[in-house]
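Structure first, then comments.
Each value in this text was obtained by applying a stated rule to the coordinates, not by laboratory testing. What you see is a predicted model, and the numbers here were worked out from it, not measured in a lab. Neighbour counts run over all protein chains shown; Cβ positions are idealised from the backbone, glycine included.
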Amino acid sequence: MTKRASFVCLFLALTWFGYRISAQKDPKVTEEVLHRPTPMPDRIILTWSDDPTTTQSVTWRTSLSVKDGVAEIAEAEDGPLFVKKARRHNAATERYDSDINQSHYHSLTFRDLKPETLYTYRVGDGFNWSEWNQFRTASKDAKPLTFLYVGDAQNDLFSMWSRLVRMGYSNAPRAQFFVHAGDLINNADKDYQWGEWHQAAGWINHSMVAFPTPGNHEYGGKRLNRNWRPQFTLPGNGVKGLEETNYYVDVQGVRMVALNSNERQAEQAAWLDQVLATNSNKWTILTFHHPILSTARNRDNKALREAWQPVIDKYAVDLVMTGHDHTYGRSNLMTGTSGREGKAGTVYVVSVSGPKQYELTPQKWMQRAAEDTQLFQVVHIDGNKLTFEARTATGALYDAFELEKQRGKANKLTNRTPKTPENRRKPAATASGGL
């Protein structure tokens with residue numbers, strides 16, 4: 001072997017040895033590297049900020065090198081020639097400095113769209129583009145409507161929440177939107193957790209509208225974390241100062257209302273009274289984070305219940321969807337701040353979609369309950385009937401009921417609960433939860 005060949009072999013051996021030492025010392029890819037923004041668009045997400053029949057909002061992220069975001073849109077066609085008809089739109093761009101990086105968030109609202117029409121769109125900077133994605137605008141009529149709803153995702157988002165949200169999509173691939181009832185993440189100021197939340201849902205966020213409301217983990221103390229607004233484009237029709245956290249959207253005969261249960265509850269009660277007084281939709285559904293009826297006695301939200309339930313009862317709200325308690329609990333028809341069950345009232349649901357699970361306190365109002373179970377819910381509305389299914393991360397049916405509108409009468413509730421036993425902890429496995 002020549003001296004040159006010996007030197008090359010020695011160099012390669014030392015390089016490999018150095019790599020092995022480095023890999024053993026710090027083999028994990030850092031959060032900064034995993035969630036570093038690039039010129040390529042990421043964290044693309046559809047939301048509504050206006051009329052869902054004629055508009056569609058989209059938000060995405062890039063590195064600071066992308067000064068101006070743009071999007072292109074066309075009516076979807078069977079083949080590729082739609083690209084020749086695509087219209088270009090300029091986005092609003094804002095800088096965001098997170099705990100681990102700096103980025104630009106871009107947002108825009110497509111307007112003057114046709115109702116009940118399939119569109120294809122892409123976002124980028126004019127050179128670097130996302131794939132072409134598709135969405136369908138809502139109908140102006142009260143046509144059949146399907147949506148998904150989940151409680152707290154919060155922890156282990158990429159590793160353990162992803163399978164749940166993907167199973168939800170596989171069960172309802174034509175759902176128009178996806179309700180997230182707060183605590184999307186665990187630490188609102190940690191950019192990597194938001195990155196994992198977007199990764200877990202992936203392209204589902206590109207084609208199915210997100211309908212989020214903030215939980216206590218989206219707050220830093222008493223203030224909404226600054227991560228919330230840059231990455232969502234939501235309505236500003238709520239209480240002044242709570243824009244994009246308290247809002248409503250009318251879609252195909254349903255008034256969907258998002259409330260912010262973290263603050264200014266009395267003001268939102270007055271606002272809700274006005275919003276429901278002018279509601280001409282057949283169905284009314286609310287979502288917020290903290291339950292009116294808690295699944296754990298030591299987490300009771302008495303002040304919230306006393307502020308909001310009288311308004312809910314006054315307008316006979318059909319369904320209330322919440323999270324926070326990291327267990328599952330579903331009522332029959334309930335009225336009154338003391339929780340009276342009867343032939344009239346509202347169905348209340350508490351649910352959890354992530355792996356963080358708490359202890360359940362059995363209570364009389366619970367028609368069906370669960371511990372240590374990741375769940376997604378599919379809600380389907382067709383005319384006078386609402387069908388609700390709660391399914392596990394494996395897709396198994398865990399709970400179900402139907403609500404039927406009756407002229408001049410309260411809703412008729414029919415339980416369709418499967419005969420399988422409830423998922424409950426053994427006494428020795430019981431452990432208390434936290435916030």
(Q) What is the angle, in °, between the Cα long axis of helix 3-25 and the longest principal axis of the Cα atoms in the chain? Nearest 10 is fine, range 0 to 90. (A) 20 degrees
Q | 11 Å beta-carbon shell around residue 229, net charge (K/R +1, D/E -1) | A | -3
Q) With each run of n ≥ 4 DSSP H residues scored as -39500 (n - 2.57), what mean residue ellipticity at 222 nm is computed for the chain after dividing by its residue count and rounding to the nearest 500 deg cm²/dmol? A) -5500 deg cm²/dmol
Q: Would you work out the relative contact order for segment 34-136, in percent, from Cα pairs under 8 angstrom that are 6 or more residues apart?
A: 32 percent
Q | Debye equation applied to the C-alpha atoms of segment 34-136, log10 I(q)/I(0) at 0.13, 0.22, 0.23 Å⁻¹ | A | -0.46, -1.13, -1.20
Q. Cβ under 11 Å from residue 100's Cβ, residue 100 left aside: what net charge do those residues give with Lys, Arg +1 and Asp, Glu -1?
A. -4
(Q) Could you compute the net charge surrounding residue 370? Neighbours are other residues with a C-beta less than 13 Å from the C-beta of residue 370; K and R count +1, D and E count -1. (A) -1
**Q.** Principal axes of the chain: Cα extent on each, largest first, Å
**A.** 96, 61, 40
Q | Among beta bridges that DSSP assigns inside segment 145-419, antiparallel share in %, nearest 5 | A | 65 percent
Q) What's the angle, to the nearest 10 degrees (0 to 90), between helix 162-171's Cα axis and the longest principal axis of the chain? A) 60 degrees
(Q) Could you tell me what a quarter of the Cα convex hull surface of segment 335-406 works out to, in nm² with one decimal place? (A) 5.8 nm²
(Q) Under a Cβ-only charge scheme (Lys and Arg +1, Asp and Glu -1), can you give me the dipole magnitude of the chain about the Cα centre, in debye to the nearest 20? (A) 680 debye
Q: Considering Cα pairs under 8 angstrom that are at least six residues apart, work out the relative contact order of the chain and quote it in whole percent.
A: 13 percent
Q: Rounded to the nearest 10 degrees, what's the angle between the helix 265-277 long axis and the longest principal axis of the chain, both from Cα atoms, 0 to 90?
A: 70 degrees
Q. What pairs from 282/343; 302/405; 28/222 go past 23 Å between their alpha carbons?
A. 302/405; 28/222
Q | chymotrypsin sites (Phe, Trp or Tyr not before Pro) restricted to DSSP loop in segment 62-147 with at most 13 other C-beta within 10 Å | A | 127
